[in-house]
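*Asks:* Can you keep this structure in mind? I'll have questions shortly.
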Amino acid sequence: MAQHIAQKLRLTAALLGTFARKDLAAAFRGVNPKTAFDLGRADKWLQGRAQPRELSVYDDWSKLLKLEQPGAWIAESDLPGFTAAICARHGIDRAELERRVGAQFETASGHEERSLGLALAGTYACYSRALSPYYRGQLIRGSLSIETGPGAHGLTAAYREALPTGQLLLGGLMTSAKRGLYAHLKETSGEAQFFLCLFPHSRPGSVLGGYLCGTTIIGPEPQPSLTRILIVRLRDTTPEAWGGYLPPDGSIAGDLASLGLTIEQPEAVDRQLAQFLVADSKDGGASQIPPAEFRAILDVFDRHWLSHSG
């Protein structure tokens with residue numbers, strides 16, 4: 001029964017000084033050009049989501065580490081025993097090897113985050129349900145710009161909408177995690193705030209999608225609102241005047257074509273995108289709580305609280 005495969009691979013990489021996964025795969029090919037250790041599956045092995053099933057991988061591993069033990073021993077050994085064996089074979093102190101593992105993991109994580117930042121950087125056209133009750137059922141267009149900054153975590157996002165009342169500009173940090181992509185955006189010259197909760201980024205990253213949460217900007221009173229949002233990557237920046245509410249009979253595919261992104265079968269794509277954006281709504285608008293509905297509940301609990309205070 002194989003165990004601790006991810007940790008053993010990290011120890012092996014630290015021992016050999018193979019910084020990148022491709023270098024570790026190349027080391028395996030060095031002892032066996034036909035090795036079953038391949039780069040694609042190595043990602044899952046190093047993340048602990050899977051382990052090699054072919055015994056030949058462990059045999060190649062034993063040759064790579066120049067161990068006297070067979071490949072099956074590498075698979076079945078406990079972690080302290082494996083660490084002690086490779087330290088003894090290569091004359092390295094255990095604490096030093098573990099220090100290398102920690103340093104390598106931090107460096108690799110930083111490189112992966114910077115790589116992700118570069119992959120996300122760019123300009124996007126955004127489509128979501130209008131939050132304003134005056135434009136109920138319509139789509140609103142916004143532009144999103146993602147940029148990388150200094151350091152591994154320097155990912156920033158700027159969101160813009162061209163509203164009848166003027167430009168709405170919000171910005172903030174964007175965070176990438178295993179389970180999602182998040183951005184907390186604040187108005188640069190006001191108090192409006194939006195929160196984006198998106199599906200994790202996947203390459204090549206032509207489109208992002210998920211939810212936008214915020215309060216209405218144009219309306220008689222603010223309403224907490226939630227709507228699906230699609231964020232489509234563009235090859236060029238959007239014109240300053242572009243954006244705002246899409247006409248009721250407007251086409252997203254046609255709108256994207258005006259930005260230089262022409263899609264095949266535009267009618268079919270329009271139906272698909274419209275179905276996605278309206279899926280959580282009963283009337284084609286954003287998900288919102290009517291203020292009167294909340295105030296009725298507020299009235300009950302406020303009266304109770306006040307009557308029992310003091």
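The values are calculated or read from the model by the stated rules, or taken from the named source; none is laboratory data. Computed from a predicted structure; not experimentally measured. Positions of Cβ are backbone-derived with ideal geometry, glycine not excepted, and every protein chain shown enters the neighbour counts. Heads up: the accessible areas ignore ligands, DNA and RNA and are worked out on the full protein's heavy atoms, side chains in. Shrake-Rupley method; radii C 1.70, N 1.55, O 1.52, S 1.80 Å.
*Asks:* Tell me yes or no: at least one residue of the range 226-236 is modelled with pLDDT of 90 or more, surrounded by fewer than 17 Cβ atoms within 10 Å (Cβ to Cβ) and of a type outside the set (Lys, Arg).
*Replies:* Checked against the condition, which is being modelled with pLDDT of 90 or more, surrounded by fewer than 17 Cβ atoms within 10 Å (Cβ to Cβ) and of a type outside the set (Lys, Arg), the range 226-236 yields no hits at all.
*Asks:* Does the range 208-225 include one or more residues that are out of contact with any Lys or Arg (no Cβ under 8 Å at 6 or more places or on another chain), free of Cβ contacts under 8 Å to residues at least 12 places away in the same chain, under 26 Å from Ala274 (Cβ atoms) and open to solvent by 20 Å² or more (accessible area, probe 1.4 Å)?
*Replies:* Scanning the range 208-225, I find no residue that is out of contact with any Lys or Arg (no Cβ under 8 Å at 6 or more places or on another chain), free of Cβ contacts under 8 Å to residues at least 12 places away in the same chain, under 26 Å from Ala274 (Cβ atoms) and open to solvent by 20 Å² or more (accessible area, probe 1.4 Å), so the answer is no.
*Asks:* Which of the residues belonging to the range 259-310 are under 26 Å from the mean Cα position of the chain (by Cα), assigned to a helix (DSSP H, G or I) and exposed (fewer than 10 other Cβ atoms within 10 Å of the Cβ)?
*Replies:* The one that is under 26 Å from the mean Cα position of the chain (by Cα), assigned to a helix (DSSP H, G or I) and exposed (fewer than 10 other Cβ atoms within 10 Å of the Cβ): Gln275.
*Asks:* Give, as residue ranges, the helices (runs of 4 or more DSSP H) completely inside the range 50-151 that count at least 2 residues that are under 30 Å from Ser206 (Cβ atoms) and at pLDDT below 95.
*Replies:* Those helices (runs of 4 or more DSSP H) span 94-120.
*Asks:* Considering only the range 10-25, state which residues are open to solvent by less than 30 Å² (accessible area, probe 1.4 Å) and either free of Cβ contacts under 8 Å to residues at least 12 places away in the same chain or more than 13 Å from Val101 (Cα to Cα) (or both).
*Replies:* Thr18, Leu24, Ala25 - these are the residues of the range 10-25 that are open to solvent by less than 30 Å² (accessible area, probe 1.4 Å) and either free of Cβ contacts under 8 Å to residues at least 12 places away in the same chain or more than 13 Å from Val101 (Cα to Cα) (or both).
*Asks:* Would you tally the residues in the range 269-307 being closer than 27 Å to Pro220 by Cβ, small (Gly, Ala, Ser) and touching a residue at least 12 places away in the same chain (Cβ under 8 Å)?
*Replies:* The qualifying residues number 5.
*Asks:* Would you call Gly205 of a type in the set (Gly, Ala, Ser), on the phi > 0 side of the Ramachandran plot and in a strand (DSSP E or B)?
*Replies:* no
*Asks:* Restricting to the range 164-191, name every residue that is under 17 Å from Arg141 (Cβ atoms) and surrounded by fewer than 18 Cβ atoms within 10 Å (Cβ to Cβ).
*Replies:* Pro164, Thr165, Gly166, Gln167, Leu169 - these are the residues of the range 164-191 that are under 17 Å from Arg141 (Cβ atoms) and surrounded by fewer than 18 Cβ atoms within 10 Å (Cβ to Cβ).
*Asks:* Just wondering, is there one or more residues in the range 85-96 that are touching a residue at least 40 places away in the same chain (Cβ under 8 Å), open to solvent by 60 Å² or more (accessible area, probe 1.4 Å) and over 37 Å from the mean Cα position of the chain (by Cα)?
*Replies:* Yes, because at least one residue in the range 85-96 is touching a residue at least 40 places away in the same chain (Cβ under 8 Å), open to solvent by 60 Å² or more (accessible area, probe 1.4 Å) and over 37 Å from the mean Cα position of the chain (by Cα).
*Asks:* Suppose we keep only residues that are small (Gly, Ala, Ser) and within 28 Å of the chain's Cα centre (by Cα) within the range 15-46. Which one would you say is nearest to Pro80 (Cα to Cα)?
*Replies:* Ala42
*Asks:* Take the residues of the range 208-236 that are among the polar types (S, T, N, Q) and in a loop (DSSP other than H, G, I, E, B): which is nearest to Ser145 (Cα to Cα)?
*Replies:* Applying the filter and picking the extreme gives Thr216.
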